[in-house]
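**Q** Structure in structure tokens, see below.
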Amino acid sequence: MKGASTLFQSWRTCSPRIPPGSFLLQTVKYPETCFCRNVQTVSYQIVKGSYIPTSQAVQPKTQTTVKPTPEIDTVGAFQKLPMVMPSVDILASALRKARRVEPTKGIANIARRERNRGAKQLDALMKELAAPLKAYLENFPKRKYLHPYERSLVELTLGDGVYEEVLKKVDALKRKVVVVGKEHASLCAKTLKKREAEESLKEGLEKLEGVFTSDGKAVDELMNIAKSLRAMPVVDLKTPTLCLVGAPNVGKSSLVRELSTGKPEVCNYPFTTRGILMGHIALNFKHFQVTDTPGLLKRSDEDRNNLEKLTLAVLSHLPTAILYVHDLTGECGTSPSDQFVIYKEIKERYSNHLWLDVVSKCDILQGSPVFFITDDNNAEVNAAPEAESYRKMGPAGAIHVSIKTKEGMNELKQRVHDLLLAQMDNLSSDELTSESLHP
């Protein structure tokens, strides 16, 4: 009542005075005063005649996090591959750690303690075997997320589908280990006697060991794959690269030894280069890359072997300048006429690359006349004036060099230097264009 009286007095003080006997209607505004508490309401929904309260709280919208797409504009994924342990070592380490697992303290009953120990050891063995397999599956990238150049290396080096097939085997082994481990750990936990628990533990250990021994070859295959891929040369996409191309045994590897730090095998038989060999050049405190590629033969892409496809992959997916090597002596095993056909095809296909032609073994050309072997099936090409000039002197503007007498090597090194500087300018302009398009 005291609060009501105070409220009434404040109303009388704030209200305006109306003279007695006046019938004038006036609109009087009073201060809005509210003394009621906030009313909490609960809504209900009727379900089969019963009232079930429903929450009025507005649930925050869950933001779907979009996983960023792995970048495929860089190379170097092979150097990040994890070290894979042999399956025998993984199994021995897991068994050793599992046998050291003790039962939970405080269990007085012998049967219960043995049952607890067996279940924990089987669970530990299962986890120790599955953990490295899970790590391998997470750290080996999917082929679709690799750079196109590395994607081609995987296919051409290992074989089509081999990489994915081995990863599937490892994943199947992990799943099998988890299923068998959980199954036998559950069986051991349900035993009633000490002897039953010991027998269940022994059976589970043997089963897990047998599964990993029989299917552990997939881990060894993955280990060999990791070794092969890590041995691939690292290519820096931002460093100017010179790629030596030509028919087999024309002297590409010898030129790489002269121009760079690379030391490829040099023998007098075709396809000496069994992969991509990398060297480096340091000129005026600037570093460049040089790659030696397998030789190309005169045939269609469908008939090319993996070594030839590897060369085409380098030219297709890497920003390289091309140093095309020609051998007109007839000693390389590919006639000048066939080399001319290969040269015209590659020149037309990769016309957007910076280009430099080199005729090797010029000391032999000057020493004695060479009897050229022509291809009768390609009479139109052989009769062309350009082909006739090619068989005698090579392409127009080609540098004639000799590794044996060092003839033309100084000019070649200078021209290579100029070519790589031009390639550096191209890479810089491409990078600026990319940054402007994707700030």
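**Q** Whose amide H sits under 5 Å from the amide H of residue 280, counting only residues 5 or more places off or on another chain, with H placed in the peptide plane?
**A** When sequence neighbours closer than 5 places are left aside, the close amide H contacts are 261, 262, 290.
**Q** List the residues, sorted by chain then number, that are 5 or more residues from residue 359 or on another chain and whose placed amide H is less than 5 Å from its amide H.
**A** The answer is 326, 399, 400, 401.
**Q** Packing-wise, with mean Cβ within 10 Å as the measure, how do 354-365, 98-109 rank, highest first?
**A** 354-365, 98-109
**Q** Using the reciprocal of the averaged 1/r over all distinct C-alpha pairs, how large is the Kirkwood radius of the range 85-208 in Å?
**A** 16.4 Å
**Q** Structure shown: which of 238/406; 105/176; 168/207; 238/298; 347/406 lie over 24 Å apart, alpha-carbon to alpha-carbon?
**A** 238/406; 105/176; 238/298; 347/406
**Q** Can you work out ³J(HN,Hα) from phi for every residue in the range 299-313, in order, using Karplus 6.51 cos²θ - 1.76 cosθ + 1.60 and θ = phi - 60°, giving whole Hz and x for Gly and Pro?
**A** Along the range 299-313, the couplings run 6, 6, 4, 5, 9, 6, 7, 5, 5, 5, 5, 5, 4, 5, 5 Hz.
**Q** Determine ³J(HN,Hα), in whole Hz, for all residues of the range 175-186 in sequence, where each value follows from phi through the Karplus function 6.51 cos²θ - 1.76 cosθ + 1.60 and θ = phi - 60°; x replaces Gly and Pro.
**A** For the range 175-186, the Karplus curve yields 4, 5, 4, 5, 5, 5, x, 5, 4, 6, 5, 5 Hz.
**Q** Separate question: Out of residues 5 or more away from residue 407 or on other chains, whose amide H comes under 5 Å of its own, with H placed 1.01 Å from N in the peptide plane?
**A** Those lying under 5 Å, H to H, from residue 407 are 402.
**Q** Also: Can you tell me the order of 125-136, 402-413 when each peptide is scored by its average per-residue count of other Cβ atoms within 10 angstrom, highest first?
**A** The densest-packed peptide leads the list: 125-136, 402-413.
Quick note: the coordinates plus some simple rules give every number you see, no bench work behind them. Keep in mind that this is a model prediction, so the values were computed, not measured. No Cβ is skipped: glycine too gets one built from the backbone with ideal geometry, and neighbour counts run over all protein chains shown.
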